[in-house]
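A.B. asks: Mind looking over this structure? Questions follow.
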Amino acid sequence: MRALLSTAPGGPETLTLETMPDPVAGKGQVIVAVKACSINYPDVLIIEDKYQFKPQRPFAPGGEIAGVVESVGEGVTDWVPGDRVVATVGNGGLVEKIAVDAARLFRLPEGRSFEEGSALLLTYATTIHALLDRGHLAEGQTLLVLGAAGGVGLAAVELGKAFGARVIAAVSSEEKAEACRKAGADGTIVYGRAPFDKDQSKALAEMFKAALGPNGADVIYDPVGGDYAEPALRSIAWEGRYLVVGFPAGIPRLPLNLTLLKSCDVCGVFWGAFAARDPKANQDHVERLFRLWKEGAINPLVTEVFAFEDGGKAIAKMAARGAIGKLVVRIGD
């Protein structure tokens, strides 16, 4: 089979398309013929050795796949060859075939494409865990979403609306703001590109406050970090919850006196660890996501599909923060 491999630390240009032996299903595993693999920000970090996990090389990036069951290993009874499936795999998804623990698979609904299926789980499962378990978002509350036009950002906009919140989407361009409005955002903010000096940071905080209103944001969903974090925190409501999701703009240093003044919480969101520690709760979340998908309350937005040999270009576009919605690599027909 073919695989897009990282053989040394570096950017997307270091990835090479190579041939390697087909995987063999172990006990409790399934071999999936991968049809599509979506790209997420961890794919940018993992090939540079900057992610929490450092797989042994050579390895393929790609943590989210959709495909067809090709064969099953010993003890697998819930899946048969030909089943259409989706899964999160951590890494290793940019390959033609992959061995996956059967417990990690979910059935891809009829009528949904492999590209759509590969774009659902990681972003929406991260976000439903963030908003409900960590942010305790309730109907009628106000949600501020930073980086709102990316995969997790649009997931937060859609899920926030599905849960009855007022959603303000903050983005870096009018094109991205329009994507958020189409996803249901009640209001949008177009901010400048960091870094910010003191006056620019203060101006951004005032922009957030003006859009949110006098009570501020009950929940702030931040998959961006960097210089955007402190201005956003300054706009939080009394006893609000600030959700730390990611750092493509850098790891911020927050003045903790703000947490005292607002009596607010700063909450880390590590969905992968949550799913591993409480698989039943994660399963319940994913089942709810599939119901919302069927009802049309959420709809993964795939804006660009890349050929397998151009998978590195998809990761490069993600690294440049140029993506709206999800970028997907098509691996098989």
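A.B. asks: Just the accessible area per residue of region 205-333, please: how many Å² with a 1.4 Å probe? Walk me through the intermediate numbers first.
C.D. replies: On the way: 6150 Å² over 129 residues.
So region 205-333 comes to 48 Å² accessible per residue, rounded to a whole number.
A.B. asks: Could you pull out which residues in region 227-247 have an amide N less than 16 Å from a spot 7 Å beyond the Cα of residue 263, following the Cα-Cβ vector?
C.D. replies: 236-242
A.B. asks: Compute the length gained on full extension between residue 107 and residue 287: take 0.36 nm times their separation in residues and subtract their Cα-Cα distance, giving the result in nm to one decimal.
C.D. replies: Values: separation 180, 0.36 × 180 = 64.80 nm, distance 1.05 nm.
Taking residue 107 through residue 287 to full extension adds about 63.8 nm, to one decimal.
A.B. asks: Hey, another quick one. Can you tell which of 34, 86, 100 shows the greatest fluctuation in a Gaussian network model of the chain with Cα springs below 10 Å?
C.D. replies: Of the options given, 100 has the highest mean-square fluctuation.
A.B. asks: What is the magnitude of the charge dipole of region 90-212 about its Cα centre, with +1 placed on the Cβ of each Lys and Arg, -1 on the Cβ of each Asp and Glu, and no other charges, expressed in debye to the nearest 20?
C.D. replies: Working: 14 positive and 15 negative charges, 39 e Å.
Here the size comes out at about 180 debye.
A.B. asks: So, one more: Please list, ordered by chain and number, the residues whose modelled amide H lies under 5 Å from the amide H of residue 92; skip anything fewer than 5 residues away on the same chain.
C.D. replies: 60, 62
A.B. asks: Name the long-range amide H neighbours of residue 329: under 5 Å, sequence gap of 5 or more, or other chain; modelled H, no Pro or chain starts.
C.D. replies: Hits under the 5 Å cutoff: 37, 38, 39, 306.
A.B. asks: Amide H to amide H under 5 Å from residue 17: which residues, 5+ apart in sequence or cross-chain, H placed 1.01 Å off N in plane?
C.D. replies: Close amide H contacts, sequence-distant or interchain: 5.
A.B. asks: Something else: Would you list the membrane-span-like helices of the chain, meaning whole DSSP H runs whose alpha-carbon atoms span at least 20 Å along their axis and whose mean Kyte-Doolittle value is at least -1.0?
C.D. replies: TM-like helix candidates: 198-212.
A.B. asks: Rounded to a whole number, what % of the accessible area of region 10-112 do carbon and sulfur atoms account for, probe 1.4 Å?
C.D. replies: Working: 2410 of 4700 Å².
Answer for region 10-112: carbon and sulfur cover 51 percent of the accessible area.
A.B. asks: Computing the accessible area with a 1.4 Å probe over protein heavy atoms, can you report the carbon and sulfur percentage for region 184-333? Let's see the in-between values first.
C.D. replies: Working: 3900 of 7500 Å².
Carbon and sulfur: 52 percent of the exposed surface of region 184-333.
A.B. asks: Quick check: pseudo-label points 7 Å beyond the Cα along Cα→Cβ at residue 7 and residue 321, how many nm apart are they?
C.D. replies: So the label points at residue 7 and residue 321 sit 3.3 nm apart.
A.B. asks: As a test of understanding, state the convex hull volume per residue of region 95-209 from its alpha carbons, in Å³. Working shown, then result.
C.D. replies: Working: hull volume 18.8 nm³, N = 115.
Taking only Cα atoms, region 95-209 has a hull volume of 163 Å³ per residue.
A.B. asks: Based solely on C-alpha atoms, express the radius of gyration and the Dmax of region 162-256 in angstrom.
C.D. replies: 12.7, 37
A.B. asks: Another question, then. Anyone know which of 254, 204, 105 comes out most mobile in the 10 Å Cα GNM of the chain?
C.D. replies: With Cα springs under 10 Å in the chain, the top fluctuation among 254, 204, 105 is at 254.
A.B. asks: What is the magnitude of the charge dipole of the chain about its Cα centre, with +1 placed on the Cβ of each Lys and Arg, -1 on the Cβ of each Asp and Glu, and no other charges, expressed in debye to the nearest 20?
C.D. replies: Here the size comes out at about 460 debye.
A.B. asks: Can you tally the net charge around residue 292? Count Lys and Arg as +1, Asp and Glu as -1, for every other residue whose Cβ sits under 11 Å from the Cβ of residue 292.
C.D. replies: Details: positive: 161, 288, 291, 294; negative: 158, 287, 295.
Around residue 292, the surrounding residues sum to +1.
A.B. asks: Expressed as a fraction of 2.2 N^0.38 Å, the rule-of-thumb size for a compact globular protein of N residues, what is the C-alpha radius of gyration of region 20-154? Intermediate values should be presented prior to the final figure.
C.D. replies: Values: Rg = 16.4 Å, N = 135, 2.2 N^0.38 = 14.2 Å.
That ratio works out to 1.15.
A.B. asks: Shifting gears a bit: So what is the accessible area of region 69-128 per residue, in Å², with the probe set to 1.4 Å? Don't skip to the end; give the middle numbers.
C.D. replies: Working: 2340 Å² over 60 residues.
Dividing the accessible area of region 69-128 by its residue count gives 39 Å².
A.B. asks: Related question: log10 I(q)/I(0), Debye, Cα-only region 200-333, no solvent, q = 0.15, 0.22 Å⁻¹?
C.D. replies: -1.00, -1.23
A.B. asks: With a 10 Å cut-off between alpha carbons and a GNM built on the chain, which of 267, 37, 180 moves the most?
C.D. replies: 267
A.B. asks: Students often get this wrong, so check it: of 50/97; 35/313; 209/262, which have C-alpha atoms separated by over 20 Å? All intermediate terms of the calculation are to be shown ahead of the outcome.
C.D. replies: Values: 50/97 26 Å; 35/313 18 Å; 209/262 14 Å.
Flagged as over cut-off: 50/97.
A.B. asks: With a point put 7 Å past each Cα toward its Cβ, work out how far residue 182 is from residue 48 in nm, to one decimal.
C.D. replies: 2.9 nm
A.B. asks: Over all pairs of distinct alpha carbons, what does the Kirkwood formula give as the hydrodynamic radius of region 95-144, in Å? Before the final figure, lay out the partial values.
C.D. replies: Numbers: mean 1/r = 0.0732 Å⁻¹.
Averaging 1/r across every pair of different Cα atoms and inverting gives 13.7 Å.
A.B. asks: Which value, to two decimals, describes the C-alpha radius of gyration of the chain once divided by 2.2 N^0.38 Å? Walk me through the intermediate numbers first.
C.D. replies: Details: Rg = 19.9 Å, N = 333, 2.2 N^0.38 = 20.0 Å.
That ratio works out to 0.99.
The values are calculated or read from the model by the stated rules, or taken from the named source; none is laboratory data. In this text the structure is predicted, and so the values were computed from the model without any measurement. Heads up, the Cβs are rebuilt from the backbone with ideal geometry, glycines too, and the neighbour counts pull from every protein chain shown. Just the protein is used for accessible areas: all its heavy atoms, side chains included, with ligands, DNA and RNA removed. Shrake-Rupley method; radii C 1.70, N 1.55, O 1.52, S 1.80 Å.
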